[in-house]
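Each reported figure results from applying straightforward, stated rules to the coordinates on display, with no laboratory input. All of these numbers come straight from a predicted model, not from anything done at the bench. Here the Cβ is made from the backbone with ideal geometry for all residues, glycine too, and neighbour counts use every protein chain on show.
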Amino acid sequence: MACAAVLLGVALGMGACGRSASTEAAAKPPFRWGGDAEGGAPFVEADPADPRVVRGFDVEIAGMIAEGLGRKPRFVQVAWASIGQSLERGDFEIGMSGVEDRPEMRERYALTIPYFEFQEVLAVRPADRDRYRTLADLAGRRVGTLGATMAHDLLLEAQKRTGLVPVSYDDDIHPYTDLVAGRVDAVLLDNVIADRSLRRTGGFVIQPEPVATGAYVGVFARRNTALRDSANAILRARMQDGSLEASFRRWEVWSDAQAAYHQRVLAEAPAEDGAGATRDRSVRAYLPALARAAGVTVVLSVLAMALAVALGIAVAAGRVYGPPVVRVALAVYVEVVRGTPVLLQLFVLYYGLASVVRLPAFAAAVIGLGLNYAAYESEIYRAALQAVPRQQLEAARTLGLSEFQALRLVRGPQALRHALAPMTNDFVALLKDSSLVSVITVVELTKQTAIYATNAGSWVVPGILCALIYLSLSLPLSHVARRLERRWSVA
Amino acid sequence: MSGALAVRGLQAVRGSKPVLRGVDLDVAAGEIVALMGVSGAGKSTVLRVVAALEPFAAGTVQAGGFALHPGPVPRESRLRGLRAKVGMVFQAHALFPHLTALENVTLAPVHALRWPAAKADAVAMELLDGLGVGARASAYPRELSGGEAQRVAIARALAPDPMVLLMDEPTSALDPARRGALGEALRGLARQGRGLLIATHDVDFARAHADRVVVLHEGVLVEAGPAAEVLTRPTHPATRELLLHEAEPA
């Protein structure tokens, strides 16, 4: 904090103390470090007093490394799951935001020495305290965690052994709220995160027996091993002089076990990079998962579109034929849905309404996308109904057809032909928008691709594969639409 | 001859502008009446009021024994009696583009009159054959020529067997040979006892095929009488103007 005050002082042009150090620091480029402030305290969080500034033990450790290098730290915000790839791009030099020491990371990046040991702990509802003590007790049950983590890997292994169902989240808050709400039966995550959630929201208990232990590291790109070695030397020095301990104590994550761990790390020789057995990361290994995810995308899109079409027809009919009150209410619905992001609607439906109605994720995804697209469909149908010439309706009347018969036999079929092409376009758009539902834990094609890409360390092959699958779904649809349009072209 | 259609003192306004200002008009069963006048004279409005597509402000309309009253157009459920007795053929024929010629003709009998499909098909084929388009029964409207579409539209209007047939500019899309054929077909319909009211500004057609001619001018009926007489010795300037434009295409 004293260091931060100095830097702040220099920045404001009032710094009288530490002048020589800051002049030296100013001469060197800033030490850019990447982290995800959305991950929150105690790792990295926006300072409530000044949201432009970040704080947390990772912030302090980054500051120590920067200081040791004689440079000024500069924070770069990055999505947690993208830390590795941003590092490769050169967005920053070190990534550290509760980054776990995993074999895949060792293979691909240059890691610092582990600076903090954590336990993977199981959180359950108080009533299940005695029922679900270990992963083995959770056969067939849903267990939430953060995607692309050691905990996620543990759950995937348990899935093969016991049939436990892993539920992957994009953040580490909603697994716990969903646990309390009954959407999942347990959550497996780092004890740091579990303790924080227990303090913040409560409503669950943490099983005392850890499932596994892991450690946090800083990550450098492979080309930066020299810088990594300097960082390691600084980290060892701060371990020895107690600076790290002081920081961890400030953030209330220090324990005797941590002290023993630091002693162990200091005694050990630096671990070799890339020592782990190479894992099968070929395309073939991921194809079944991608195919399954593509299936989820298709089923989800078809169901959501069916809902959107049915609701859209009802809304359009209400707006064309209904009394003024109905027309106004439906117009408000259409404008609200079209004027707000579908992402927001999904969040509100799944998390916002959880206290009122606890929808399963897939159902929430179908309903959310369906309600959203119904607004767009209704506008297409309304325009299509109004595009049918008035004389057609008059001809139907002079023939003695009732208003409903005229709609069903004359106006509707002609409107359908007008609506078909825009409807198909919407379905293709829905197919792609269905990727948004990963925010409410549904693993569809894009999410599965992201998981694949994170593990493979590259978006090139997964991205191409994913694009090919989307194209193979959407191109035939567009083709069919064009053919139907030609065949049905209204003279 | 008994009256198929009787219009008395008909007044209609569009916005605040009077379109019809007291029109009296009769069509007897078996009679073809040509309703003539330049564009904007009010011909189409008369047809649309009689077909209960537009409201009227004052007067009475008796069509096929069904009475229409001034004020808003009644709901369709109250117009069943009129729909069964009055058929209409629109200027641009208004065939349903998503249905074949045969389906266009059978739509009303099957759905409005609840005839069995076989009976509706048989009646429709007879009508199409009678009008010379039986061979085109399975064609869609976009595949029909102007004359063929016109005759399919007539067959469609005739399928419920109306007493009164209203036609709006039936010759506008036809060449002279086709006009002759259409005239013959209409004469046949009149012989069956139907009354035909035909809005047209085709003087040749009216002279050749109408029994009587009535001339509308600015919403008022200015001349009426046997076709040969009115169109040979016109007494009103509006009729003379019609005859002046005779040579021009409709």
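For this structure, a couple of remarks:
- Pairs of Cα atoms farther than 20 Å apart, the range A:309-415, %: 51 percent
- In order along the range A:93-100, the phi-based Karplus estimate (6.51 cos²θ - 1.76 cosθ + 1.60, θ = phi - 60°) of 3J(HN,Hα) comes to 9, 10, x, 7, 8, x, 6, 8 Hz; Gly and Pro are listed as x.
- Taking the convex hull of Cα positions in the range A:34-161, its mean projected area over all directions (nm²): 10.0 nm²
- Computed from phi, the 3J(HN,Hα) profile of the range A:461-470 under the Karplus parametrisation 6.51, -1.76, 1.60 (θ = phi - 60°) reads 5, x, x, 5, 4, 4, 4, 4, 5, 4 Hz, with x in place of Gly and Pro.
- Dividing the summed helix terms, -39500 (n - 2.57) for each DSSP H run of n ≥ 4, by the number of residues in chain A produces a 222 nm estimate of -18000 deg cm²/dmol to the nearest 500.
- The relative contact order of chain B, computed from alpha carbon pairs under 8 Å that lie at least 6 residues apart in sequence, is 26 percent.
- Across the range A:62-77, rounded Karplus estimates of 3J(HN,Hα) from the backbone phi angles (6.51 cos²θ - 1.76 cosθ + 1.60, θ = phi - 60°) give 4, x, 5, 5, 4, 4, x, 8, x, 10, 8, x, 10, 7, 10, 6 Hz, Gly and Pro being marked x.
- Chain B: proportion of alpha-carbon pairs further apart than 28 angstrom, %: 31 percent
- Working value for the protein assembly as shown: equivalent-ellipsoid semi-axes of 84, 26, 23 Å, each the square root of 5 times a Cα gyration tensor eigenvalue, largest first.
- The alpha carbon convex hull volume per residue for the range B:103-213 rounds to 101 Å³.
- Computed over the alpha-carbon pairs of the range A:29-88, the distance histogram in 10 Å steps reads 24, 53, 23, 0 percent, short to long.
- When +1 charges are put on Lys and Arg Cβ atoms and -1 charges on Asp and Glu Cβ atoms, the dipole computed for chain B relative to its Cα centre reaches about 740 debye.
- Furthest towards positive pole of dipole, A:A415, B:Q11, B:A227, structure part the protein assembly as shown, Cβ charges: B:A227
- Projecting the Cα atoms of A:L244, A:A329, A:F31 onto the charge dipole of the protein assembly as shown (Cβ charges, centred on the Cα centre) puts A:A329 farthest toward the positive pole.
- The convex hull around the C-alpha trace of the range A:180-337, projected and averaged over every direction, spans 17.9 square nanometres.
- MRE, 222 nm, helices only [DSSP H, n ≥ 4, -39500 (n - 2.57), over chain B, to nearest 500]: -10500 deg cm²/dmol
- Rounded to 5, percent antiparallel among DSSP beta bridges of chain A: 60 percent
- For the range A:163-251, dividing the convex hull volume of the Cα atoms by the residue count gives 152 Å³ per residue.
- Fewest-first sequence of B:F56, A:F43, A:F31 by Cβ atoms within 10 Å of each Cβ: A:F31, B:F56, A:F43
- Local net charge near B:H93, Cβ-Cβ under 14 Å (Lys/Arg +1, Asp/Glu -1): 0
- Selection from A:V309, A:F118, A:G368, by position along the positive dipole direction of chain A (Cβ): A:V309
- Set of lysines near B:K119 by C-alpha distance (under 23 Å), chain-local residues within fewer than 8 positions excluded: B:K85
- Distances between placed amide hydrogens fall under 5 Å for A:V165 paired with A:G140, A:R141, A:R142, A:V143, all partners being 5 or more residues away or on another chain.
- Computed about the Cα centre, the dipole magnitude for the range A:116-184 is approximately 440 debye when only Lys and Arg (+1) and Asp and Glu (-1) carry charge, each at its Cβ.
- Reach of B:K43 by Cα under 20 Å, taken over lysines that are not fewer than 8 positions away in the same chain: B:K17
- Of all DSSP bridge pairs formed entirely within the range A:32-133, close to 40 percent run antiparallel.
- Cβ-based net charge around B:A155, under 11 Å, with every Lys or Arg adding one and every Asp or Glu removing one: 0
- A:L430, A:L468 arranged by Cβ crowding within 10 Å, fewest neighbours leading: A:L468, A:L430
- Computed over neighbours whose Cβ is under 15 Å from that of A:V410, the net charge equals +3, Lys and Arg +1, Asp and Glu -1.
- Taking amide H as placed 1.01 Å from N in the peptide plane, the amide H of A:R74 sits under 5 Å from that of A:F31, A:R32, A:W33, each at least 5 places away or on another chain.
- Within the range B:30-75, the percentage of alpha carbon pairs spaced more than 15 angstrom apart rounds to 49%.
- Here the range A:70-170 is assigned +1 on the Cβ of each Lys and Arg and -1 on the Cβ of each Asp and Glu. Its dipole about the Cα centre then comes out at about 220 debye.
- Restricting the calculation to Cα atoms, the range A:385-487 yields a radius of gyration followed by a Dmax of 21.3, 69 Å.
- Scattering curve values for the range A:78-224, log₁₀ I(q)/I(0), Debye with Cα scatterers, q = 0.14 Å⁻¹: -0.66
- Taking every alpha-carbon pair under 8 Å whose residues sit at least 6 apart, chain A reaches a relative contact order of 14 percent.
- Amide proton proximity set for B:A58, modelled H, under 5 Å, gap of 5+: B:Q11
- Extension gain, A:E245 back to A:A259 (0.36 nm per residue minus Cα-Cα distance, nm): 4.2 nm
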